[in-house]
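Please treat every number below as a calculation from the coordinates, not as lab data. Keep in mind the model is a prediction, meaning the values are calculated, not measured. Positions of Cβ are generated from backbone atoms using ideal geometry, with glycine treated the same way; all protein chains shown enter the neighbour counts.
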Amino acid sequence: MAIRRFYCENLSNASVELHPDDAVHARKVLRLAVGHTVHLFDGRGTTAEGTLIELTRRCVVDVTKRNDTPRLLPGVDVAVALPKGSRADVLVEKLSELGADRIIPLITERTVVEPRPAKLERYERMAIESAKQCGRAWLMQVSPPTPFDVMLRDSDHDTRLIADMQQLQPTEDQASKLSEAKRVLVMVGPEGGWTDNERTAARDAGFTAWCFAPYVLRVETAAIAATACIRQQTFWRQPS
């Protein structure tokens, strides 16, 4: 039987109680029973193994082992003008699976979707469910919608990229920036693309134009591909 994984905000105690929804899922869907082993994570790097000691309306786990997992290097934040409908759901799920640290809904001149608080809460729940499935110990954070000019002004990342098809050829500068980066920000524009004013503002703010595919990509594809490229190029740097 596969060992099941649950999210628990606090793993500091000898025994922990899971969220009521997880208790129902464990009992009625997974058909777990007292004595079964489960894995836990708090979304802040701590993972644990434990044994179910109560499974009624409450689900209580006796924690037997804890581990601390460092974050992946570099930190990767993705600022993206979200697409409509279910395409945004796919984007959130896949960025979590690929190891993005944070998704930032970006408000640009041609943005078509500005998510409300209820939608952001939904994305946070999706990030938790994705982390359960893919095994990550750190939750992907979901930031409030951020205007383009504020993103340029407030970003303190040591490597800042803007996805842009007009940069048709990769450069050595892009590769070296990623190989040495500690924190990466990549911005992905809306379906209508960047305006000339946005390109100029990003360049003046120190962003590097980055093209990583031969054809025009949909928003969610571009954000997913950018994250995958960064992780693929930097994964060898992970701490032991």
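Farthest toward the positive end of the dipole of the chain, out of Gly50, Leu217, Leu106, is the Cα of Gly50, where the dipole comes from beta carbon charges about the Cα centre. Averaging over all projection directions, the Cα-based convex hull of the stretch 1-61 occupies 3.7 nm² in the image plane.
Compare the peptides 13-26, 94-107, 151-164 by average per-residue count of other Cβ atoms within 10 angstrom and give them in order, highest first.
Values: 13-26: 14.8, 94-107: 21.9, 151-164: 18.3.
For the peptides 13-26, 94-107, 151-164, the packing ranking is 94-107, 151-164, 13-26.
Could you tell me which of rounded, prolate or oblate describes the stretch 75-237, using a ≥ b ≥ c as the square roots of the eigenvalues of the alpha-carbon gyration tensor, with rounded for a/c under 1.5 and, failing that, prolate when a/b is larger than b/c and oblate otherwise? It comes out oblate by the Cα gyration axes.
Counting only pairs 8 or more places apart or on different chains, how many lysine pairs in the stretch 51-134 have C-alpha atoms closer than 19 Å? Spell out each step's value before the answer.
Working: Lys65/Lys132; Lys84/Lys94; Lys84/Lys119; Lys94/Lys119; Lys94/Lys132.
Summing the qualifying lysine pairs gives 5.
In order along the stretch 129-142, the phi-based Karplus estimate (6.51 cos²θ - 1.76 cosθ + 1.60, θ = phi - 60°) of 3J(HN,Hα) comes to 5, 5, 5, 4, 6, 8, x, 6, 9, 10, 6, 6, 7, 10 Hz; Gly and Pro are listed as x. The distance linking the stretch 66-102 with the stretch 9-32 is 25 Å (Cα centroid to Cα centroid, whole angstrom). Averaging the sequence gap over all C-alpha pairs within less than 8 Å and six or more residues apart, then dividing by the number of residues, gives the chain a relative contact order of 21 percent. Over the residues of the chain, the helix contribution to mean residue ellipticity at 222 nm works out to -9500 deg cm²/dmol, using -39500 (n - 2.57) for each DSSP H run of at least 4.
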